[in-house]
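Inspection log for the structure reproduced underneath, given as structure tokens.
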Amino acid sequence: MPMRRRTFVTGLAIGAGTTLLPAGLIGCADGAPYVVGDFRTPSGAPLLPVQVSEDRIIRTVVGLRPFRPAGFRVEAERLDDKLLVHNYGHGGGGWTLSWGTAALAAELALASDHRRAAVIGCGIVGLTTARTLQRRGFEVTVYARELPPDTTSNIAGAQWSPASVFDPDVATPAFHHQLDRALRIAYRAFQEQVGERYGVRWISNYWLRDDPPRLDTDLRTRWRDLYPEQRDLTPEEHPFAAAYVQHVSTLFMEPPRYLPAIMEDVRLAGGRIEVRSLDSPEAVAQLPDPVVVNCTGLGAGVLFGDSDIFPIKGQLTVLRPQPGVDYLVINDAGLYMFPRHDGILLGGTNVRRDWSLIADETAEARIVAGHEALFAAMSAKRKQRAVVAEPQGPSATAHTG
Ligand SMILES: Cc1cc2nc3c(=O)[nH]c(=O)nc-3n(C[C@H](O)[C@H](O)[C@H](O)COP(=O)(O)OP(=O)(O)OC[C@H]3O[C@@H](n4cnc5c(N)ncnc54)[C@H](O)[C@@H]3O)c2cc1C
């Protein structure tokens with residue numbers, strides 16, 4: 001028997017085998033029938049609105065992105081009789097770049113005849129550097145003042161995308177060469193870790209804009225191959241109340257899962273992790289290891305006197321987890337929603353040279369109200385296009401991809 005319905009809106013194919021389906025219809029994913037709740041991502045995840053309200057807030061967190069206008073520093077120098085390799089200053093892209101700059105730093109470390117290294121820092125940059133050195137045959141000790149969960153790396157989203165990594169008018173061609181190499185190495189490395197153990201997955205991103213998007217951005221040109229399923233959507237293809245919506249797929253990491261897993265990997269490969277603050281180059285020079293890699297993030301400013309590095313403060317409001325929400329949304333007012341197992345992250349702020357780790361209540365009010373409005377508008381668009389349908393048996397199929 002056919003479905004009874006008062007309205008019908010056809011689904012829209014947006015690529016081979018992928019379909020965005022409107023509400024209430026029965027669809028077919030990988031041959032298996034399912035009830036379509038609403039619009040879906042290209043891989044079939046429902047695009048459900050986030051329930052935003054004050055009483056769903058479970059925490060507010062602040063982190064300081066270690067930013068250098070010229071970009072991250074991966075460079076070697078001598079420190080007394082040691083080879084000192086720097087690997088810090090990744091701004092808002094430390095997760096994204098981690099395995100990449102770790103590989104560049106390891107190349108420099110291999111210039112030494114020794115195969116024993118100290119890594120200073122136990123955030124994502126230090127830990128990926130430690131693992132990369134171990135894979136290249138180094139015996140590694142990690143020294144850090146703070147361990148996860150007390151690092152900036154625990155605060156991050158962490159979407160795979162190089163945001164706030166350098167200022168375009170300052171970065172040199174040599175930096176851009178390093179950046180391209182690092183991005184491509186890291187992109188590949190995270191792909192190999194997709195799964196439960198590390199909490200890495202592919203996810204759909206929706207970038208909302210009021211004004212027409214620029215077509216000459218790095219995302220659309222230089223790094224297009226790093227953002228699969230990239231396309232501009234028509235209003236019928238998405239549930240958002242925005243004039244322009246771009247879809248891309250990115251890798252997405254869960255820091256509370258990833259960081260303990262990689263710390264375990266370091267230890268399983270024979271590495272040691274020691275809580276120790278190193279407060280001067282002299283203290284570093286006294287370490288027993290002939291190779292030292294400096295992965296201290298924002299701490300490098302004080303430790304090695306880098307006056308170019310400063311924080312970009314970021315604040316996130318976290319709602320209790322909402323199962324079923326599995327997409328990212330980012331708008332041009334700087335708001336973003338990242339759904340993690342430990343909570344729905346609502347961002348965001350980017351405040352340069354603000355060293356305070358205290359949450360700003362005005363920023364929180366803006367973030368919460370902005371997301372409330374975003375998801376209320378999404379709900380309204382879904383209702384407007386809702387289909388009242390009563391499936392009449394397992395064979396009822398109104399639409400397939
Ligand atoms: C709100 C927010 C959202 C973000 N979202 C993303 C995202 O979506 N994607 C992304 O790629 N990036 C994101 N980032 C950026 C990312 O978090 C950073 O780039 C990254 O965490 C930097 O890693 P790190 O290991 O260099 O520094 P950290 O995590 O800060 O680790 C530094 C380590 O060095 C140690 N240390 C420092 N000084 C000393 C010392 N003197 N002696 C001994 N140990 C020392 C610390 O204790 C710590 O262990 C975000 C950041 C914020 C704040």
Next on the checklist: Tell me whether the range 133-156 contains one or more residues that are of a type outside the set (S, T, N, Q), in a loop (DSSP other than H, G, I, E, B) and under 30 Å from His238 (Cα atoms).
Outcome noted: yes
Item to check | Of the criteria (1) outside any loop (DSSP other than H, G, I, E, B); (2) within 21 Å of the chain's Cα centre (by Cα), which one Ala76 fails | outcome: (2)
Next on the checklist: What are the pairs with Cβ atoms under 6 angstrom where one residue, in the range 51-79, is more than 24 Å from Asn154 (Cβ to Cβ) and in contact (Cβ under 8 Å) with a residue 12 or more places away in the chain and the other, located anywhere, is in a strand (DSSP E or B) and away from the ligand (no atom under 12 Å from the Cβ)? Sequence gap at least six, or different chains.
Outcome noted: Ala76/Val85
Next on the checklist: I need the full set of residues from the range 308-329 which are more than 10 Å from the ligand (Cβ to nearest atom), hydrophobic (A, V, I, L, M, F, W, C) and in a strand (DSSP E or B), in order please.
Outcome noted: Phe310, Val318, Leu319, Val329
Checklist entry - Looking at Gly137, Gly71, which is the one that is of a type in the set (Gly, Ala, Ser), modelled with pLDDT of 95 or more, farther than 23 Å from Gly301 by Cα and more than 6 Å from the ligand (Cβ to nearest atom)? => result Gly137
Checklist entry - Residues in the range 163-179 that are in contact with a Gly (Cβ under 9 Å, 6 or more places away or on another chain) and either more than 11 Å from the ligand (Cβ to nearest atom) or more than 18 Å from Thr129 (Cβ to Cβ) (or both): how many? => result 11
Item to check | Filter pass, Arg145 being over 20 Å from the mean Cα position of the chain (by Cα), near the ligand (Cβ under 7 Å from one of its atoms), over 17 Å from Glu264 (Cα atoms) and surrounded by fewer than 18 Cβ atoms within 10 Å (Cβ to Cβ) | outcome: yes
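So for the range 180-203 (the condition being near the ligand (Cβ under 7 Å from one of its atoms) and of a type in the set (D, E, K, R)), does at least one residue qualify?
no
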Checklist entry - So which helices (runs of 4 or more DSSP H) are wholly in the range 223-307 and hold at least 3 residues that are surrounded by fewer than 17 Cβ atoms within 10 Å (Cβ to Cβ)? => result 255-268, 281-285
Checklist entry - So Met378 fits all but one of (1) buried (at least 16 other Cβ atoms within 10 Å of the Cβ); (2) over 21 Å from the mean Cα position of the chain (by Cα); (3) within 14 Å of the ligand (Cβ to nearest atom); what number is the exception? => result (3)
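The values are calculated or read from the model by the stated rules, or taken from the named source; none is laboratory data. Just so you know, these numbers come straight off a predicted model, no measurement behind them. Cβ coordinates were reconstructed from backbone atoms using ideal geometry, including for glycine residues, and neighbour counts include every protein chain displayed.
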